[in-house]
1. Leaving out ligands, DNA and RNA, and with a 1.4 Å probe, what % of the accessible surface on segment 518-617 is carbon or sulfur?
2. Taking each pair of different alpha-carbon atoms in segment 542-643 once, compute 1/r for the pair, average those values, and report the inverse of that mean as the Kirkwood hydrodynamic radius in Å to one decimal.
3. Would you mind checking the tilt of helix 332-359 against the longest principal axis of the Cα atoms of the chain, expressed as 0 to 90 degrees and rounded to 10?
4. Provide H338, H106 ordered by accessible surface of protein heavy atoms (probe 1.4 Å), highest first.
5. Can you give me the distance in nm between label points at L535 and H621, each placed 7 Å from the Cα along the Cα-to-Cβ direction?
6. What do you get for the angle between helix 133-151 and the principal long axis of the chain? Use alpha-carbon atoms, 0 to 90 degrees, nearest ten.
7. Could you state how much accessible area K166 has, in square angstrom rounded to the nearest 10, with a 1.4 Å probe and all protein chains kept in place?
8. Spelling out what I want: for every residue of segment 539-550, take phi, set θ = phi - 60°, compute 6.51 cos²θ - 1.76 cosθ + 1.60 (Karplus), and round to whole Hz; glycine and proline get x.
Amino acid sequence: MSILVVFLPLVAAIIAGLFGRFLGDRGAQVVTTGALLIAAVLACVTFFNVAIQGHGGTVDLFTWIDTGELQVHWALRLDTLSAVMLLVVTVVSSMVHVYSIGYMAHDHSIPRFMAYLSFFTFFMLMLVTADNFVQMFFGWEGVGLCSYLLIGFWYDRPTANAAAIKAFVVNRVGDFGFSLGIFAVFMIFGSLQFDAVFAGAPDIVGNTIDFLGWQVDALTVTCILLLIGAMGKSAQIGLHTWLPDAMEGPTPVSALIHAATMVTAGVFMLARLSPLFEYAPDALAVVAVVGGTTAIFAATVGMVQNDIKRVIAYSTCSQLGYMFFAAGVSAYSAAIFHLMTHAFFKALLFLGAGSVIHAMSGEQDMRKMGGIWRMIPVTYVLMWIGSLALAGIPWFAGYFSKDTILEAAWAAGTGVGHYSYAMGVFAAFLTAFYSWRLIIMTFHGAPRADHEVMHHVHESPKVMLWPLVVLALGAIFAGAIGFEYFVGEDRAEFWREAILVLPEHDSVGAAHHVPAIISLLPLIAAVLGIATAYLCYMFRPEIPAIMARRFRGIYLFLLNKWYFDELYDAMIVRPVLALAYGLWKKGDGTVIDGFGPDGIASVTRGLAVRAGRLQTGYLYHYAFAILIGVVVMVSWYLLRIGG
């Protein structure tokens, strides 16, 4: 059954990709969507068997690599962690597939699009069921490749091409760190199988290795290298710049990337490698600081964006920060819990935004919307549900998972834990603020679109709305249903051996005993954020413009995303381009070509021109040349005889 869950999307992608012309648009949609729906049902059954009943294990497929000391099996690791991910990925992806039938109805390359979606899903499923580092890296690179194809799907748009290349290049930076981490694991443990590496981790504590000329703690440097890979995929601060630009892809792509695949890969990796990170506390501290900083960074940027999809994109970045600092305080189960609930309400918000864009004839700027909630009431209600879950309002899904993360961060009792808690509470305020800013600017107030656009505003077709309803159910009930299993009293029996937390690091257990004010602060912050949004955009709409003028420097700093793109452009892009141009013009053109093919050709041509000048066409010139030749030859002959 698990084999079908993983490989059905691959089979569907191959059929739609190779035979799309014969199947037609509808045939490709039926094959890929049908395969994903079946996979989702089977994933639910697998989740029940593995996570609830405890019937996990490893499904060996074949030996993949066997050379020297390196032996890698292709196998499917089935434990609670992989079962949760199978459920999340297939359910969200199947809903995205169904939604795409309506959203992409007028596109000219439907079979190609559906094939890419299914390929994306397959590689993510390979990643989460990997039994070793090499297999994980295969899925890791596969989702990176598919993200490039999907972000740049509309390849006739220069912005889409640029965004796809940017995502690919930035992720290569993180993947280089991941590769080095895998090399370090093999060097230290002599194996890349998870079980062998995890079993050997306690014996490596305190060991050092030579890294760039320094003697460093083996596990710490290995985990930090692996963390760099996770930062790239999960768009943590510094390696986040690709994520907002990924909005250039079709909206279903945004939902899939931001909710269930790719960006969650880094969080999953941290949880999967908990038996390594638990013995590297310094690396865990770095994870917590990176996560807390990302949460507040992305939230501050999201509050001033005007593109509806970019607001939600920065929201994703911020929520990933929550998941990271949860892992950084050893609350891996809370991180995966939030990953699961976030998948539902974030996919709901992205697809709901797609429904708004569909209604507004392709418009994405919230400043050109407004006054449409009565025209698309179903989308309006569903966007409210997603926003309530995102803001962590009781008793929606986000309330259970996000509050657990914040309580665990405080309960960890460390400096980085308290830092993460403070950043998380402030981010909770900003999250609620920009969520209701989006709701009010999009749906309320006077219409700001032109008459022609307003005339065509209409509710999306049912094929686009039903997936939103399914996701809305998850956004409402997933937190309450999963709380006891994921982070409650039953968590040890639920997770079993899938996640390791040392007794002295059990922040989730301690989270249930924090002071009441610590539990209430995130909710208070969220309510204040909603109230502030209503004040600024409903009751006193002149306030934002006044604040932007008065604090123009801060406003521009946030609007320009802390100037990360400009900084990278000045420090990396321009110097590299200048170096490349210099090597091209001076190195290749002047030196290599000058002394190589161009130089030889130039000398040969010069000699030929000079030789050609001897051919004047006058007889007396030729007679004179013959006479000179005779004199030279006779002189040479006489000199030889005389010598």
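1. Carbon plus sulfur share of accessible area: 71 percent.
2. Mean inverse Cα-Cα distance, inverted, gives 21.4 Å.
3. 80
4. These residues rank, largest area first, as H106, H338.
5. In this crude spin-label approximation the distance works out to 9.6 nm.
6. Value to nearest ten degrees: 80.
7. Roughly 50 Å² of K166 is accessible to a 1.4 Å probe.
8. 3J(HN,Hα) across segment 539-550, in whole Hz: 8, 10, x, 7, 4, x, 5, 5, 5, 5, 6, 5.
The values are calculated or read from the model by the stated rules, or taken from the named source; none is laboratory data. Nothing here was measured: the structure is a model prediction, and the numbers come from that model. All Cβ positions, glycine included, derive from the backbone under ideal geometry; neighbour counts span all protein chains shown. Remember, those area values only see protein heavy atoms, side chains included, never the ligands or the DNA or RNA. Shrake-Rupley method; radii C 1.70, N 1.55, O 1.52, S 1.80 Å.
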